[in-house]
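Beneath this line is the structure, given in structure tokens, with notes to follow.
Bear in mind that the values in this text are calculations on the coordinates, not laboratory data. All values derive from a computational prediction rather than experimental measurement. Backbone-built Cβ (ideal geometry, glycine too); neighbour counts: all protein chains shown.
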């Protein structure tokens with residue numbers, strides 16, 4: 001099983017370096033910016049908002065992998081296939097990191113995953129960062145002819161094969177092209193992904209962790225304890241980044257107090273409360289916060305503009321190597 005790459009080896013990676021550094025926290029934007037409600041035409045306009053976010057200093061744009069629309073879940077992500085959406089974003093942006101939260105590894109063949117990821121990485125100039133998960137929608141697995149209960153073991157196998165294919169592995173004497181711009185693509189394990197904390201510490205290039213409660217200081221403190229315990233397991237104590245996310249309903253009033261909605265799934269808050277939360281996450285060891293605005297009451301463009309003015313300047317994208325010119 002191939003272990004994670006040393007953190008120092010990612011310093012020249014444009015996508016990773018824009019998002020992650022020890023003791024720093026950056027902010028990203030989760031897509032879609034508003035929910036699908038039955039009409040694809042109504043989803044138009046998000047690209048321009050992402051372009052504005054890139055110019056305002058957001059570190060990353062995130063997409064999700066939701067193959068099938070399960071009525072039991074409701075949320076269908078950005079609707080488009082994640083690789084297609086990432087390719088579109090690569091063509092319409094130039095600096096912002098392109099991230100997945102998250103690709104469902106057990107549903108995919110590692111050759112296809114490696115080919116798609118390396119292609120997007122090249123077409124974006126090396127901006128791809130992959131969150132990878134084991135899958136939380138049981139209905140998808142029988143549709144693929146797979147056993148949902150075996151997803152943990154398959155996850156480990158796919159991680160190993162994916163990295164081998166991007167390296168020098170030659171299955172059947174054939175090799176995979178293209179190779180990633182940086183040689184490897186960072187993998188952020190999502191949640192537990194049916195793995196032990198020790199396995200994640202040894203094999204993940206970073207951890208995409210669920211935030212827990214966010215309306216009071218106790219939640220970030222508990223998250224910090226989890227992060228600290230995990231980082232204690234990392235070989236050699238080297239830096240591995242931690243990312244988390246929150247769905248926010250940003251209030252027009254900067255002073256509106258943090259208020260959990262929908263059982264804590266959404267946080268309604270003013271920008272001052274959000275800044276306090278981000279500061280607590282930073283103190284807890286979080287390095288990147290992906291914010292979703294699709295469950296809020298206000299137009300996404302308005303919310304992103306407020307975030308750009310009142311929040312992102314306090315947690316801007318990091319200085320990073322310029323992406324390479326696209327291969328085509």
TODO: Sort 72-81, 40-49 for me by packing, meaning the mean count of neighbouring Cβ atoms within 10 Å per residue, highest on top.
DONE: 72-81, 40-49
TODO: Using only alpha carbon pairs under 8 Å that are at least six residues apart, calculate the relative contact order of the chain and give it in whole percent.
DONE: 25
- [ ] Take the chain, connect every pair of alpha-carbon atoms lying under 10 Å apart with a spring to form a Gaussian network, then pick out the residue of 279, 270, 173 with the largest mean-square fluctuation.
- [x] 173
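What FRET efficiency, computed as 1/(1 + (r/R0)^6) with R0 = 30 Å and r the Cβ-Cβ distance, is obtained for residue 177 and residue 272, rounded to the nearest 0.05? All intermediate terms of the calculation are to be shown ahead of the outcome.
Working: r = 50 Å, r/R0 = 1.66.
Once rounded, the FRET efficiency stands at 0.05.
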TODO: Calculate, in nm to one decimal, what residue 238 and residue 139 gain on full extension: separation in residues at 0.36 nm each, minus their alpha carbon distance.
DONE: 31.8 nm
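Calculated FRET efficiency, residue 44 and residue 150, Cβ-Cβ r, R0 45 Å, to nearest 0.05?
Working: r = 40 Å, r/R0 = 0.88.
That pair, residue 44 with residue 150, gives E of 0.70.
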Open item on the list: Place a point 7 Å from Cα of residue 229 in the direction of its Cβ. Which residues in the range 192-208 have their backbone N less than 19 Å from it?
Closed with: 192-204, 207-208
- [ ] Consider just the alpha-carbon atoms of the range 183-252 and return their Rg together with their Dmax, both in angstrom.
- [x] 13.6, 46
Task: Centre separation in Å (Cα based) which lies between the range 129-190 and the range 215-290 - done: 28
- [ ] Using 0.36 nm per residue of separation minus the Cα-Cα distance, give me the extension gain between residue 8 and residue 221 in nm, one decimal.
- [x] 73.9 nm
- [ ] Divide by every residue of the chain the summed helix terms, -39500 (n - 2.57) for each DSSP H run of at least 4, and state the resulting mean residue ellipticity at 222 nm, rounded to the nearest 500 deg cm²/dmol.
- [x] -10000 deg cm²/dmol
Task: Calculated SAXS-style log₁₀ I(q)/I(0) at q = 0.22 Å⁻¹ - the range 200-241, Debye, Cα scatterers - done: -0.72
- [ ] Could you work out how far apart the two model spin labels at residue 169 and residue 75 are, taking each label as a point 7 Å from the Cα in the direction of the beta carbon, and quote it in nm?
- [x] 3.0
Task: Ratio of Rg to Rh over the range 127-249 (Cα coordinates, Kirkwood Rh, two decimals) - done: 1.02
Open item on the list: What does the C-alpha gyration tensor say about the overall shape of the range 32-173? Classify as rounded when a/c is under 1.5, otherwise prolate if a/b is larger than b/c, or oblate.
Closed with: oblate
Task: Fully extended contour minus Cα-Cα distance, from residue 196 to residue 24, at 0.36 nm per residue - done: 59.3 nm
TODO: Using Cα centres only, tell me the gap between the range 66-121 and the range 24-43 in whole Å.
DONE: 13
- [ ] At q = 0.20, 0.24, 0.30 Å⁻¹, what is the base-10 log of I(q)/I(0) for the range 90-139 according to the Debye formula with one equal point scatterer per Cα and no solvent? Please give it to two decimals.
- [x] -0.71, -0.91, -1.15
